[in-house]
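The values are calculated or read from the model by the stated rules, or taken from the named source; none is laboratory data. The model shown is predicted, which means the values in this text are computed figures rather than measured ones. FYI the Cβ positions are ideal-geometry reconstructions off the backbone, even for glycines, and counts take in every protein chain you see.
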Amino acid sequence: MANGGFSWDQIDDVLLDMDGTLLDRHFDNFFFEEELPRRYAVLQGLSFDESRSRLMAMYRSMEGELAWTDLHYWSERVGIDVVAMHKELDHMIGFLPGAEEFLQYLQRLGKRVTIITNAHESGLSVKTAKTGLDQYVDRIVDAFEIGYLKMRPEYWPKCQRLLGFDPARSLFMDDDEGCLVAAERFGVAHLIHSAKSSSRLPPAPLAQFFSVAGFRPLLDGHPVIRQE
């Protein structure tokens with residue numbers, strides 16, 4: 001972070017990504033990179049590798065567009081009920097270690113906490129039903145309410161108008177570099193990178209942002225967060 005650190009006293013609004021920041025991205029990685037390719041392979045008579053390669057190309061072709069996270073779009077595109085699959089596999093959905101404690105900490109601090117997610121409402125509803133995530137925050141805003149994904153520059157002014165946050169007194173935390181860059185360019189003052197998005201993968205810190213591999217540095221006893 002450009003200012004080298006901040007105190008929670010400088011923060012009114014906390015804007016949090018969902019998947020890979022609060023919820024374990026292992027579910028999404030497994031779903032889209034393993035299980036959906038397996039089922040698509042059976043449907044199309046392909047090998048797993050052929051199926052996975054074809055689906056990954058489809059994903060990349062829509063990256064940055066709303067359809068990228070639209071589960072109904074993907075259900076039609078691949079001929080499989082992707083929403084029903086989310087419900088079937090919801091036992092794999094869960095918080096990253098320390099995420100609930102962090103959300104409770106923010107509640108005690110009295111911060112206004114908003115989840116801003118690229119997720120589609122149909123998947124979001126499955127995840128909130130499974131985790132109770134919505135009980136910890138003031139509001140959840142999905143990208144379809146804004147009309148753009150968070151890595152798009154058009155997202156941030158529309159999000160700011162909707163929520164009324166002061167960028168100079170806001171903190172945004174995400175595991176996606178493109179989303180953090182877009183927020184930085186808009187003027188969000190305090191940015192944190194979630195370096196450990198999946199419980200099954202090693203941390204992947206970014207040099208240009210303050211990266212944390214867990215929530216401990218953000219809790220009691222660490223009122224000032226500084227770039228190492």
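Can you tell me which residue in segment 26-43 is surrounded by the most Cβ atoms within 10 Å (Cβ to Cβ), limited to those that are acidic (D, E) and more than 23 Å from D142 (Cα to Cα)?
Of everything passing the filter in segment 26-43, E35 is surrounded by the most Cβ atoms within 10 Å (Cβ to Cβ).
From L46, L23, L55, L15, which residue is without any contact (Cβ under 8 Å) to a residue 24 or more places away in the chain, of a type outside the set (S, T, Y), touching a Phe, Trp or Tyr at 6+ places or on another chain (Cβ under 8 Å) and buried (at least 19 other Cβ atoms within 10 Å of the Cβ)?
Answer to the selection: L55.
Can you find even one residue in segment 70-86 that is out of contact with any Lys or Arg (no Cβ under 8 Å at 6 or more places or on another chain), of a type in the set (S, T, Y), buried (at least 16 other Cβ atoms within 10 Å of the Cβ) and in contact (Cβ under 8 Å) with a residue 12 or more places away in the chain?
Within segment 70-86 (the criterion being out of contact with any Lys or Arg (no Cβ under 8 Å at 6 or more places or on another chain), of a type in the set (S, T, Y), buried (at least 16 other Cβ atoms within 10 Å of the Cβ) and in contact (Cβ under 8 Å) with a residue 12 or more places away in the chain), the answer is no, since none of the residues qualifies.
Scan segment 40-69 residue by residue and report those that are modelled with pLDDT under 95 and either closer than 19 Å to L23 by Cβ or in contact with a helix residue (DSSP H, G or I) (Cβ under 7 Å, 6 or more places away or on another chain) (or both).
Within segment 40-69, M62, L66, A67, W68, T69 meet the criteria.
List, please: which pairs have Cβ atoms under 7 Å, are six or more places apart or on different chains, and start with a residue in segment 147-176 that is closer than 15 Å to W8 by Cα and aromatic (F, W, Y) and end with one that is modelled with pLDDT of 95 or more and assigned to a loop (DSSP other than H, G, I, E, B)?
Filtered contacts from segment 147-176: F172/V188.
Given (1) of a type in the set (A, V, I, L, M, F, W, C); (2) within 16 Å of P97 (Cα to Cα); (3) surrounded by 19 or more Cβ atoms within 10 Å (Cβ to Cβ); (4) within 16 Å of the chain's Cα centre (by Cα), where does A213 come up short, assuming only one miss?
Of (1) of a type in the set (A, V, I, L, M, F, W, C); (2) within 16 Å of P97 (Cα to Cα); (3) surrounded by 19 or more Cβ atoms within 10 Å (Cβ to Cβ); (4) within 16 Å of the chain's Cα centre (by Cα), only one is false for A213: (3).
May I ask you to verify whether T21 is modelled with pLDDT under 95 and closer than 19 Å to S198 by Cβ?
When the stated conditions are applied, T21 does not pass them.
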